[in-house]
Structure formats: structure tokens, C-alpha cells
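I'd like to ask you about the structure that follows.
The values are calculated or read from the model by the stated rules, or taken from the named source; none is laboratory data. In this text the structure is predicted, and so the values were computed from the model without any measurement. Virtual Cβ from ideal backbone geometry, glycine too; neighbours counted across all protein chains shown. For the accessible areas, the whole protein counts, side chains as well, though only heavy atoms, and no ligand, DNA or RNA atoms are used. Shrake-Rupley method; radii C 1.70, N 1.55, O 1.52, S 1.80 Å.
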Amino acid sequence: MRKRLLFILLLFIAWLPVFVIQKPVFMFYQHALAGDCSFVDYLLVMLHGTKLDCTIAGYLTAVPLLLTLVSTWLPGDWLKKVLKGYYLFTGLLVAAIFAVDVALYGFWGFRIDATLFFYLQSPTDAMASVPIGLAILQSLVFAIYASGIYAWFRWLLRFAPGKDSTAPTFGKRMGTSLAIILLGGILFIPIRGSVTTSTANVGMVYFSQNQFLNHSAINPCFSLFASLSKQQDFASQFNFFPETEREALFSTLIHNPSSTPQTDSIPNASKRLLTTDRPNILLIILESFTANAIEAVGGEPDITPRLNKLCEEGILFTNLYANSFRTDRGLVAILNGYLAQPTTSIMKYPAKSQTLPSIAKSLREEGYNTDMLYGGDINFTNMQSYFYSTGYNRITADRDFPLTSRLSKWGANDDITFSHLYEEIKSRPTDSQPWLSTFLTLSSHEPFEVPYHHLKHPYLNSVAFTDSCVGDFIERFKQLPAWKNTLVIFIADHGYRYPDNLNEFEPRRYHIPMLWIGGAISSPRKIDTYANQTDLAATLMNQLGLSTRDFTFSKDILDPDDPHYAFYTFNNGFGFIDTSGISVYDNEGDRTLLESPSEGSEERVRKGKVLLQTLYDDLGAR
């Protein structure tokens, strides 16, 4: 009995150094973020992280416990052989999760979660973002770590119980079985995370005001598996307020028909941006364009000179914020006026995403032709099904370009696709139906491999390349007859973590440009109102005199009766910005990460929480 019980405890304890060593390795790997961390910080990360390490160790010990229980009644050497196979599998799994997680964090800014599986639906495209050197390095990390885990547990299996020299009595076997079952009950405590009403969650390892230290303490296996359990029952998540309180507070955050009657008329002169109510619309979604790289909206100079010049010619929205950090979320925010989710992506649920209102659907009902252009793989992250259900009747993607034009890992570079777009518009009769053309660029996506070498920083160089393509395209487009009746909208799908020392949750990470230019613009101006990507839908629809009733989360940036604020989400957290200040809240840690000023922060957090709760209620109902 004693040998079996000690063996199970040994296997549980043996996982702890395996997981604890991940913490300093992770921090060394992310040395740019860990530069100011002291030796004490490393120790605190390892200490606080053991809470979730124990949880995963408990799960991983459950199978050996059951096998040891069976060995009480079926003695022999089979237990060691089966456990060798089990630890080979678990070693490979744990090593793979860590190797992927430690690399992705540098791009995503959060520990691995179920988002990974969304992108792995198109593994070739997912790997396009991974430089060859990084892939080789992570393969080595995986191989060394997996080998070490397997060797460690294989050595420990020498202590596994074998065949007893004398056959134990029935009573002794029964006693041993009951003791193992009791030990299993005790093992349930670390699996659950506590003996109180609280169960294991990522937030239980948070201990610092430094978010990087909190992230470093998270067990990546727990982060991944916990997020998988949160992917379905959306309506039950983020229930911060009773329904009556939620409804009352949410009504203050959207257009209120009782204060300003909902009409489908053209806005008055003070709100009028366009010279026509039925312009052609070219919506250009700029991949990963942060405002921090664009001088016209407060960013660095000399990176986007062509776009800076265009900002003087059109309507520039200086305080616009992306709703999220990934393209799949950003597209939904822009095209559907639907808030991004911090723990999932509605694009991965076609049955739900097809129920969303959209700019393309609204314009098709008014006789617009709608088409979508993207130089990459249109099947990546369910894009093709999403675009068709969103209202586009024609899609052009990498498959429509010759192989010689698809020189980037992602597909056709922006110089190729902008040229295609120009020729496409040039061929359209000027007296044809109005059209909506949407174009998603891709050259400023990792790994930033572009035929342009003007700046040392790879991201900035890719942005500068796309900027040059934008400038050349607009110069040529201005010579076409279609320019006179066209509204061109530039907006980013999301920002980028530049400068490199930005935290993932900081507002600057989500500040993006939006610019309206074209012959259909009445006059240049700057609009400093705080707004979201989602607000494009209601603002544009009102300019065209079309209904905005279905766009629940979209506000008219120009309507003084609408509340004006910016709301963005990161991995299980959100930011809320209005004229009173900025508040950033972490759902996992149940705490405010940033407040400036502290006065009014509680109310800003309340507003962010009610938006999140309403969003997930709506998501669950679709």
C-alpha cells in the first residue's frame, strides 16, 4: 500500500519542477519585456505560478492514479510499460504547448489559448507568419524539452510497484484500493484550485502591477485548456449586473431613439460630409496599421509620407480605436459594426456571423454591387464563408493571381493587389450601378517580407511599403472619371505593438487611423471625437440616409446626441476611453490595470463591463 501511495505522490510532485522551470525560461525568452525584472521577480513568478502548476500536475496524475489502482488487482510489470507510453505522450504535449506559447507571446501579448486552433484550421497560412529561424528554434526547444520530460519520468518509473513477492490478501487489496481512492479525493483539491467556492482560474496567479509578470506566472497548459471550456456558453459569461441594471446602463451607451427620432434622412448640413447620397465606396482596410507610425495622427514622422499628405485632403478621424488585436475581430468590427470579443471570435461560428447586420448587406439592398479583394488565402480563418454571408457577391483572392505574383508567404503583395484594384475600377462603366469595393491589404503582416528596403525596423519598413502603394494608387485613381463620385475610406483592421515596449493592454496599442477622401468628400476636416471601428457602420449609413437600427453597437460619430467613447478588448480584458479619461480592466485578475485619471475610473469600468455583458448575451442569442 505504502509503495503505491508514495509512487502516486512522487508522480504528482515530479511535474512541479517541469512546470516551474518554464517560468524563467519564458522570461529569458521574452528578454525585451523582462529587462527590468529583478531576481526577486523571477522567484515570485515561480512561487505564484505553482498554484496552476499544481492544478495541471493533478490532472496529469489522474491517469497514473487510476492505473495504479488497477495494478492493485492486476499486478505485474505492465504498469511501467503503459506509463512509459503515457509519459511519452504527455511529454510531447506539454513541450509542444510550451514551445508554441513562448513564441506566440511575442506576437500576441497573451498566453496561448483556444485562438490557436482557429488559426490552425489553415496551417499553411498560419505558418506564413513564422520566420524560418523561429520555426527551427522552437523545434529545438520542443525536442529538448520533450526529451527531458520523458527521460525524467522514465527514471522515476523505477519506483513503480511491480509484482509482489507474495500474493496480497483480498482485504489488503481492498485497503490499498480505498487508500488510493482517498488519495484521489485529496488530489482533487489542487485540480479544483482551492477548498473554497473559487475554482482554479488564470487570475489566481496574478500578483503584480506588472502585467508581464502576471502572464509569466500562468501555466500555458492551463491557459489553453481553460479557454477551450469557455467557447460555447457565451450568455453565461461576464454576468456583472442584474438584467434590469444592465439594460438601464446599456441604454446610455447607444443611440437613444427617444431623444433623437430614428430617421432615414440625409443628415443636416453641419453633419454632412459627402456631396452625394449614393457615392461609390472603396473601403481599404490596412493590415496592422497603428497610429503610432502615422505622423498625421500623432505618430512618428517620415514613415507614411503619402498617407500624411492625403490626410490634409480628406476627413481625418484622429481618435479612432480598434476594437481588438487580430484581423478576424477587426473585420467584424468594421464591416458589421459588431464589438470584438476578448475570449473568442464570432468569425469562427458561421451560423452566428451570418446573422450579423453589415454594411455590404445594407448597400446591396440599395442596389450596390459589392466585391471583396484580398491577396491572401481566402479560406484562412473562415474568411470566404464570412465574406459571402456578410454580403459580398464577388471575391478576389490569391488564387486569382498568377503564381509569379504571389511572392510573399501570405500571397500577393500590396503593389500587385493595388494595381489589380486600379485596373478593376478603370474597367467599370461610369454610368453603372454604384459599387462597394472592399480591399484588405496584407504586406504589413508578419513576417513583413516586402520588396522594399528603406527602413531598418521590419514592421515600419512594411508600413512604409504599403504607404508607397497607397500613394501611387490614389494618384492614378484621381485621373479616372470614377474618382469624382467615389468615397475612399482608409481604416486599419487593428493596431500593432509598436513601439516595441508597449504593453498589450495600453490604449496606444489600439489607436488607429481612419481617413475619408475622394471626389465625393465635401471638404477636408479633422474630427477628434472618441470612436470605435464599429462606429464606421452607423456613421456611413447615416451619411447615406440609410437605417442604422440593426447596428446595435454602432454609433454615429457626428451625432451629438450619441454617446462618444472608445472601447477595445484584449485577451480577457477591455479598455474604455471617453472625455473623462482612460480605464483598462483585466477580467482574469479582476482588477484595473490602468486609470488616468483615477477620478471617474469606476464609472468607466462599469460602462466597459456592461458593454461586454451585453455583447456576450447577444452572441449567445445568435
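Identify all residues within region 526-557 that are of a type in the set (Gly, Ala, Ser), assigned to a helix (DSSP H, G or I) and under 20 Å from Gly495 (Cα atoms); write none if there are none.
Ala537
Select the helices (runs of 4 or more DSSP H) contained entirely in region 32-151, then report the ones holding at least 1 residues which are aliphatic (A, V, I, L, M), touching a Ser or Thr at 6+ places or on another chain (Cβ under 9 Å) and buried (at least 18 other Cβ atoms within 10 Å of the Cβ). Can you show your working first?
Values: elements: 39-73, 78-108, 115-119, 123-127.
Filter on region 32-151 gives 39-73, 78-108.
If you go through region 477-519 one residue at a time, how many are assigned to a helix (DSSP H, G or I), out of contact with any Gly (no Cβ under 9 Å at 6 or more places or on another chain) and buried (at least 17 other Cβ atoms within 10 Å of the Cβ)?
Number of matching residues: 0.
Name the residue that is nearest to His48 (Cα to Cα), counting only residues in region 556-591 that are modelled with pLDDT of 95 or more and open to solvent by 40 Å² or more (accessible area, probe 1.4 Å).
So, considering only residues that are modelled with pLDDT of 95 or more and open to solvent by 40 Å² or more (accessible area, probe 1.4 Å), the one nearest to His48 (Cα to Cα) is Ile582.
Given the conditions (1) surrounded by fewer than 19 Cβ atoms within 10 Å (Cβ to Cβ); (2) touching a residue at least 24 places away in the same chain (Cβ under 8 Å), which single one is not true for Glu603?
Of (1) surrounded by fewer than 19 Cβ atoms within 10 Å (Cβ to Cβ); (2) touching a residue at least 24 places away in the same chain (Cβ under 8 Å), only one is false for Glu603: (2).
Does Asp400 fit the bill of being within 16 Å of Thr486 (Cβ to Cβ) and open to solvent by 80 Å² or more (accessible area, probe 1.4 Å)?
Answer is no for this residue.
Restricting to region 336-387, give me the number of residues that are in a strand (DSSP E or B), crowded, with 21+ Cβ neighbours inside 10 Å and out of contact with any Leu (no Cβ under 7 Å at 6 or more places or on another chain).
Going through region 336-387 one residue at a time, the tally reaches 1.
Among the residues of region 403-412, how many are open to solvent by less than 80 Å² (accessible area, probe 1.4 Å) and hydroxyl-bearing (Ser, Thr, Tyr)?
Count: 2.
Tally the residues that are in contact with a helix residue (DSSP H, G or I) (Cβ under 6 Å, 6 or more places away or on another chain) and either open to solvent by 60 Å² or more (accessible area, probe 1.4 Å) or hydrophobic (A, V, I, L, M, F, W, C) (or both), restricting the search to region 184-194. Before the answer, list the steps.
Keep residues of region 184-194 that are in contact with a helix residue (DSSP H, G or I) (Cβ under 6 Å, 6 or more places away or on another chain), which gives 184, 187, 190-191, 193.
Okay, now just the ones that are also either open to solvent by 60 Å² or more (accessible area, probe 1.4 Å) or hydrophobic (A, V, I, L, M, F, W, C) (or both), so 187, 191.
Residues meeting the conditions: 2.
Restricting to region 393-415, what's the tally of residues that are of a type outside the set (A, V, I, L, M) and within 22 Å of Ser288 (Cβ to Cβ)?
12
Would you confirm, using the coordinates I've provided, whether Gly298 is farther than 23 Å from Leu442 by Cα and open to solvent by 10 Å² or more (accessible area, probe 1.4 Å)?
Yes, satisfied.
Hey, another quick one. When region 5-31 is examined, which residues are found to be open to solvent by 60 Å² or more (accessible area, probe 1.4 Å), closer than 27 Å to Pro499 by Cβ and not in a helix (DSSP H, G or I)? I'd like the intermediate steps shown before the answer.
Of region 5-31, the ones open to solvent by 60 Å² or more (accessible area, probe 1.4 Å) are 6, 9, 13, 17, 21, 25, 28-29, 31.
With the extra rule that they be closer than 27 Å to Pro499 by Cβ, the set shrinks to 25, 28-29, 31.
Of everything in region 5-31, just one residue is open to solvent by 60 Å² or more (accessible area, probe 1.4 Å), closer than 27 Å to Pro499 by Cβ and not in a helix (DSSP H, G or I), namely His31.
Okay, moving on. Just checking: which of the helices (runs of 4 or more DSSP H) contained wholly in region 198-250 hold 1 or more residues that are touching a residue at least 40 places away in the same chain (Cβ under 8 Å), in contact with a strand residue (DSSP E or B) (Cβ under 7 Å, 6 or more places away or on another chain) and surrounded by 20 or more Cβ atoms within 10 Å (Cβ to Cβ)? Even if it seems obvious, please write down each step before you answer.
Numbers: elements: 211-217, 220-228, 243-250.
So the answer is 211-217.
For region 316-333, indicate whether the set of residues that are farther than 30 Å from Leu407 by Cα, among the small types (Gly, Ala, Ser) and crowded, with 23+ Cβ neighbours inside 10 Å is non-empty. Give the derivation first.
Initial filter on region 316-333 (farther than 30 Å from Leu407 by Cα): 316-321, 323.
Remaining after also requiring among the small types (Gly, Ala, Ser): none.
No; the residues of region 316-333 include none that is farther than 30 Å from Leu407 by Cα, among the small types (Gly, Ala, Ser) and crowded, with 23+ Cβ neighbours inside 10 Å.
Output the residues belonging to region 413-465 that are among the charged types (D, E, K, R), closer than 23 Å to Pro279 by Cα and open to solvent by 50 Å² or more (accessible area, probe 1.4 Å).
Within region 413-465, Glu423, Lys426, Asp431 qualify.
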